[in-house]
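J.: Take this structure first; my questions come after.
The values are calculated or read from the model by the stated rules, or taken from the named source; none is laboratory data. These figures come from a predicted structure and were not determined experimentally. Please note: Cβ atoms are built from the backbone with ideal geometry, for glycine as well, and neighbour counts cover all protein chains shown. When the accessible area is computed, the model is the full protein with side chains, heavy atoms only, and any ligands, DNA or RNA have been set aside. Shrake-Rupley method; radii C 1.70, N 1.55, O 1.52, S 1.80 Å.
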Amino acid sequence: MNAFIPSIETKSTAEVLSFQENALSEVLSYVNTHSKFYQDLFHNNKIDIRSIKSLIDLQKIPVTTKDDLYKHNSEFICVTPDKIIDYVTTSGTLGDPLTFVLTDKDLERLAYNERISLACAGGTKHDLYQLMTTIDRRFMAGMAYFLGIKQMGAGVVRVGNGMPEFQWDTIKRLNPTVAIAVPSFLIKLIEFAEQNNIDYKNCSLKKIICIGEPIRNEDFSYNTLGKRITDKWPIQLFSTYASTEMSAAFTECEAGKGGHHHPELLIAEFLDDNNNPVAKGEAGELTVTHLGVEGMPLIRFKTGDICKAHYETCSCGRNTLRISPILGRKQQMIKFKGTSLYPPALYDILNTVNYIKNYIVEVSTNDIGTDEIVIYIGTDNAPDNFEKDLKDHFRAKLRVAPSIIIDSAENIAKRQLPEMSRKPILFIDRRK
């Protein structure tokens with residue numbers, strides 16, 4: 001068995017449950033002692049944490065939301081400033097960035113998470129990882145990848161994001177075996193290689209860990225973006241899902257059947273709009289409780305991401321649950337001309353059109369108070385009737401067609417990646 005699979009992840013469901021309930025008691029006691037936010041929450045709701053002994057009892061505690069973090073950011077911090085080693089912020093995709101603090105123990109936990117996550121994707125100490133994402137700009141993920149690879153004992157090349165020419169030069173010089181990248185950037189890598197006669201199909205890279213964007217459909221088949229990459233480049237893709245607020249990741253194994261949960265790091269719930277657990281097989285909002293976090297632990301934090309849980313044992317030997325690809329973000333749901341949809345449904349169509357180099361989806365409130373969608377398309381060689389054909393394509397797939405504004409790929413790229421951005425901006429929400 002792979003030495004990087006923690007023993008708890010191969011235990012029975014009952015053993016995992018017992019482990020998590022013991023860990024839950026510890027974290028509740030910890031935040032009750034050190035977190036002003038949770039002290040006030042327990043007091044105001046007359047919650048005796050000694051009565052919470054099971055994961056079912058956890059439902060007695062109100063959920064924590066992003067609004068709570070915005071309003072009380074510093075009140076979640078459980079340690080004195082002298083214990084804080086690293087300050088990170090969220091990407092601010094849906095609002096102003098939030099600050100999170102990490103102690104030395106938290107950085108070790110972060111490294112452990114990424115070590116077992118990369119091992120889940122078949123990584124070993126013999127690999128050389130090319131990091132195609134930033135490690136600076138207060139970005140937790142870049143630090144996590146570096147620390148996890150270091151803990152694994154593998155090598156890492158910190159190239160950073162963008163710069164296709166530099167990426168290929170590094171691949172040629174150092175022969176990395178694994179890359180960590182945003183999947184839409186891989187399209188640009190392929191295009192650069194084809195334009196410059198680089199034999200990318202026979203390069204040293206054998207697999208790519210895809211971050212920040214989905215590459216699979218709900219049934220785990222490749223979505224349009226995943227297919228566009230693999231149709232051109234016969235390389236193994238692995239999906240990983242994480243967020244700063246979770247301080248952990250759900251990463252696919254080689255079976256490609258969902259991101260694996262690490263029960264020693266998180267308690268995971270899947271909740272409906274009323275904060276009740278959804279039935280097995282139904283989609284719900286992923287809600288997490290930290291285990292082992294020292295600086296800023298969260299209890300029942302609603303991530304805003306909608307997905308499904310899969311509970312059957314995986315062929316890799318792990319018994320823990322797996323999550324489906326993220327179906328959408330709750331705050332990003334659009335109600336457009338009588339149709340409810342999430343941005344990924346739009347992305348999947350846009351990614352099928354060869355003439356589209358890049359795009360931004362913008363949603364606003366129109367003068368009658370309903371959602372309006374405008375898609376800014378970056379293209380340099382669109383054929384005649386391009387806009388009409390694209391709208392017809394949307395109607396065929398979604399029954400509705402958004403407004404289209406054509407611009408140059410260069411201008412859209414500048415809007416996607418403003419100076420301090422850490423990842424491409426695909427969605428802008430201007431709704432009231």
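J.: Filter segment 377-411 for residues that are in a strand (DSSP E or B), more than 15 Å from ILE349 (Cβ to Cβ) and either at pLDDT below 90 or open to solvent by 30 Å² or more (accessible area, probe 1.4 Å) (or both) and give the result.
T.: ILE405, ILE406, ASP407
J.: Now for a different question. So in segment 1-43, with the set limited to residues that are touching a Phe, Trp or Tyr at 6+ places or on another chain (Cβ under 8 Å) and outside any helix (DSSP H, G or I), which one is farthest from VAL63 (Cα to Cα)?
T.: Across segment 1-43, the extreme among qualifying residues is LYS11.
J.: What's the number of the condition LEU58 fails, among (1) open to solvent by less than 40 Å² (accessible area, probe 1.4 Å); (2) part of a loop (DSSP other than H, G, I, E, B)?
T.: The number of the failed condition is (2).
J.: Counting just the residues of segment 299-317 that are buried (at least 20 other Cβ atoms within 10 Å of the Cβ) and of a type in the set (Gly, Ala, Ser), which one comes out modelled with the highest pLDDT?
T.: Ranking the candidates gives ALA309 first.
J.: Please note which helices (runs of 4 or more DSSP H) are completely contained in segment 120-228 and include at least 1 residues that are open to solvent by 20 Å² or more (accessible area, probe 1.4 Å) and among the acidic types (Asp, Glu).
T.: So the answer is 164-174, 183-195.
J.: Okay, moving on. Hey, among the residues in segment 216-264 that are polar (S, T, N, Q) and in contact with a Cys (Cβ under 9 Å, 6 or more places away or on another chain), which one's nearest to THR313 (Cα to Cα)?
T.: Filtering segment 216-264 for residues that are polar (S, T, N, Q) and in contact with a Cys (Cβ under 9 Å, 6 or more places away or on another chain), the one nearest to THR313 (Cα to Cα) comes out as THR251.
J.: Restricting the first residue to segment 14-37 and requiring it to be without any contact (Cβ under 8 Å) to a residue 12 or more places away in the chain and over 15 Å from LYS53 (Cβ atoms), which pairs with a second residue that is part of a helix (DSSP H, G or I) and of a type in the set (Lys, Arg) meet a Cβ separation below 9 Å and a spacing of at least six or different chains?
T.: none
J.: Could you please tell me which pairs satisfy a Cβ distance under 6 Å, a separation of 6+ or placement on different chains, a first residue in segment 306-320 that is under 17 Å from GLU264 (Cα atoms), and a second residue that is hydrophobic (A, V, I, L, M, F, W, C) and open to solvent by less than 30 Å² (accessible area, probe 1.4 Å)?
T.: TYR311/LEU321
J.: Taking the condition of being part of a loop (DSSP other than H, G, I, E, B) and either more than 16 Å from ASP392 (Cα to Cα) or not hydroxyl-bearing (Ser, Thr, Tyr) (or both), how many residues in segment 341-368 meet it?
T.: Residues that pass the stated criteria total 9.
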